[in-house]
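Peer 1: My structure is below; once you've seen it, I'll send some questions.
Read the figures in this text as sums done on the coordinates, not as results from a lab. The shown structure was predicted, so the numbers you read here are calculated from the model rather than taken from an experiment. All Cβ positions, glycine included, derive from the backbone under ideal geometry; neighbour counts span all protein chains shown.
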Amino acid sequence: MKNEKVIWDYLIERIGNPYGVAGLMGNLYAESCLNPQNLQNGYENRLHMTDAEYTRAVDDGSYKDFDTDCAGYGLAQWTYSTRKHNLLAYCRSRGLSVGSLEGQLGYLWQELQGYSAVLAALKNAKSVREASDVILTQYERPADQSEAMKERRARFGQEYYGMFANAKDSSASAKGFKATGVGLASFAEQVFKAGWVYWYGTCGYKCTESLYDTKKKQYPSHYTAARAAAYQRDIQAGKMCADCVGMIKAFFWMSGDVSGKNVYKANNCPDKSANGLFATCTERGKISTIPDIPGLVVHKDGHIGVYVGGGYTVEMMGFDYDCRRRKVTDGKWTEWGRLPKDMISYDANPASGTPDMPSAPANPATAPLFAYPGLLRRGSRVEAVKKLQSALNGIGFGCGEVDGIYGEKTEAAVKRLQGVSGLDVDGVFGPLTYAALKHVYERGRVNG
């Protein structure tokens, strides 16, 4: 099951179409049972080696005939000398065993780039059978391509489709994830803190050699030789990567968790370009009129970012800059937008039941903010809590009744303020949180 899930996730990230992935996996299963060390049946006795012994002998160089022994090997049972030679060279160039799943998936994807018609069919297939037949007849091309064989392989593929594409937990939406504006803003802040790097055409993926090879082939003008050393440093450091719109898609596809599982098109988020995603916004305006609502998107032609509140944005700015947090006025944004309701809610924080932010710029404060009262936390019952609650309500971080009790709603409002301000989200009102409150409060008074 482990190999199956790894293979599915790897291929769905690149192909995007579950019918195509399932059709390909059904054929791979028929060839090798998804065992990357599988040596073609019959050759174990002929060569007097098990799968593991054959793999080990090829890796250490004691077996010299890997290219020419005509034995099918690996996920796709590569047989022809040129294909086996290239498989071995691919794995060795990356310091991987010829029998490693990572190496074979990378080589499989590289090889598929040379089968443009097959790859297009996988991406556009309308059924598992359609994709499976293309793989059987145009990629694997075994001697037996009968109707019975087509049905058998498609049946294997259909099982994987049911296992993963229709799995109840394939999207965290089924686990109760609810996308909110505050959640998107908090996710963007976490991306900034984690130091994600900019790789064009990525959406919250770990930097790996296979991902680099794929993107280099897809977007050669971005993955140039001059940038190769920087990409290698990202790989060695185990960085996470995204491009501008990829960071926003990652929020939905990773269900708001920067270390979560990336599920393609999860939580109603389509795979669109920066301009394409902005075009889905149901409300837009000039950047000078942006409401102080965390999770709005900011846009200029070809580029998109996230407004995190308090006058700041987070964006994947480009290869030379990676992830940046800066004032909205420091960018060259031209518009702001509100993503559609079927994707995200800007109306309620599920943790507290209170509004995320007002639907218009916060009303300006009319008096100086209260002096720092010392540490306040859940359970505090002092006069200063009333002042804090009034200030939070006044700038749009609604916490309900001003009753002087530091309860669940007040703590939730403080956490939201901390999240959009790039602070540790612990719900405790300390000196750094006071400074963040003062910044937003005074911005409202001055700019109002």
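Peer 1: Please determine, in degrees from 0 to 90 and to the nearest 10, the orientation of helix 51-60 with respect to the longest principal axis defined by the Cα atoms of the chain, where the helix direction is its Cα long axis.
Peer 2: 80
Peer 1: Once each part is reduced to its C-alpha centroid, what is the distance from the range 281-336 to the range 83-136 in angstrom?
Peer 2: 39
Peer 1: Kindly write out, for the range 11-21 in residue order, the coupling ³J(HN,Hα) from the Karplus curve 6.51 cos²θ - 1.76 cosθ + 1.60 (θ = phi - 60°), rounded to whole Hz, with x marking Gly and Pro.
Peer 2: Going residue by residue, I get 6, 5, 5, 9, 8, x, 10, x, 5, x, 5 Hz, with x marking Gly and Pro.
Peer 1: Provide the packing ranking of 139-148, 398-407, 411-420, i.e. peptides ordered by the mean count of other C-beta atoms within 10 Å per residue, highest first. Mind dumping the intermediate values first?
Peer 2: Details: 139-148: 11.4, 398-407: 18.5, 411-420: 25.3.
Packing proxy ranking, top to bottom: 411-420, 398-407, 139-148.
Peer 1: What percent does the relative contact order of the chain come to when contacts are Cα pairs within less than 8 Å and at least six residues apart? Don't jump to the answer; show the numbers that get you there.
Peer 2: Numbers: 792 pairs, mean separation 56.3, N = 448.
In percent, rounded to a whole number, it is 13.
Peer 1: Please compute the length gained on full extension between Q145 and D342, using 0.36 nm multiplied by the number of residues separating them and subtracting their Cα-Cα distance.
Peer 2: 66.5 nm
Peer 1: Based on the Cβ-Cβ distance from E4 to K386, what FRET efficiency comes out when R0 is 56 Å, to the nearest 0.05? Don't skip to the answer; put the middle values down first.
Peer 2: Details: r = 57 Å, r/R0 = 1.02.
The pair E4/K386 has a calculated efficiency of 0.45.
Peer 1: For the chain, set up a Gaussian network in which alpha carbons nearer than 10 Å are linked by springs, and say which option among N41, N267, N27 fluctuates the most.
Peer 2: Most flexible of the set in this elastic network: N41.
Peer 1: Then there's this: If you wrap a convex hull around the Cα atoms of the range 2-165, how much volume per residue is inside, in Å³? It would help to have the intermediate numbers written out before the result.
Peer 2: Values: hull volume 17.3 nm³, N = 164.
So the per-residue hull volume is 106 Å³.
Peer 1: Follow-up question, since we're still on this one. Ranked from highest to lowest mean number of other Cβ atoms within 10 Å per residue, what is the order of the peptides 179-185, 380-386?
Peer 2: Most protected by this proxy first, the peptides run 179-185, 380-386.
Peer 1: Sticking with this structure for a sec: Direction-averaged shadow area of the convex hull around the Cα atoms of the chain, nm²?
Peer 2: Taking the Cα atoms of the chain, their convex hull projects to 24.1 nm² on average.
Peer 1: Also: Please label the shape of the range 270-331 as rounded, prolate or oblate, based on the square roots a ≥ b ≥ c of the eigenvalues of the alpha-carbon gyration tensor (a/c under 1.5 means rounded; beyond that, a/b larger than b/c means prolate, else oblate).
Peer 2: Working: a/c = 1.79, a/b = 1.02, b/c = 1.75.
Since a/c reaches 1.5 but b/c is at least a/b, the shape of the range 270-331 is classed as oblate.
Peer 1: So how tilted is helix 383-394 from the main axis of the chain? Cα-based, degrees 0 to 90, rounded to 10.
Peer 2: It is inclined by approximately 70 degrees.
Peer 1: Moving on to the next point. What is the angle, in °, between the Cα long axis of helix 147-160 and the longest principal axis of the Cα atoms in the chain? Nearest 10 is fine, range 0 to 90.
Peer 2: The angle comes out near 30 degrees.
Peer 1: For the range 35-97, which trypsin sites (Lys or Arg not before Pro) are in a loop by DSSP, counting at most 13 other Cβ atoms within 10 Å?
Peer 2: Values: sites: R46, R56, K64, R83, K84, R92, R94; in loops: K64, R94.
Qualifying residues, ordered by number: K64.
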